[in-house]
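Values in this text are rule-based calculations from the coordinates and carry no lab data. The model shown is predicted, which means the values in this text are computed figures rather than measured ones.
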Amino acid sequence: MTGERGECRAHSIGTHGDTSVGRNKHDGRIFKASQGLRFRYEAWLDAERGALLTAAGERYGVDLFDRFYHFLTLHEDSAAQADAFVRVVEHGGGDMRGTLCGMVDVERGG
């Protein structure tokens, strides 16, 4: 998905390029949890992750997974951003049996 700065996003992961939950051998979603110190997506993340967990049922943690990422803002305090990211993920239910390790998106602006 593409979007404006600070937009909520969820990206599909799958082994066969199919973005629908339940049709791949391994499937899941990557959720943008935060960006810099200004953008935190608790309400959006709660709704989207909740929908994923409902759709996944018993598959969650077996062949369906989720993951969160933070979009790093280089001119802001990185430790504070890491703390904010962890708080957002914890608010959304934290690490569960089907949660892959968090990621950081680092891009150079133009």
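Length gained on full extension, M103 to E90: 3.2 nm, using 0.36 nm per residue less the C-alpha separation. Residue separation of E58 and H75 scaled by 0.36 nm, minus their Cα-Cα distance, works out to 1.9 nm of gained length. Which far-off residues, 5 or more places away or on another chain, put their amide H under 5 Å from the one on G28, with H placed in the peptide plane? Here the answer is I13, F65, since their amide H atoms fall under 5 Å of that of G28.
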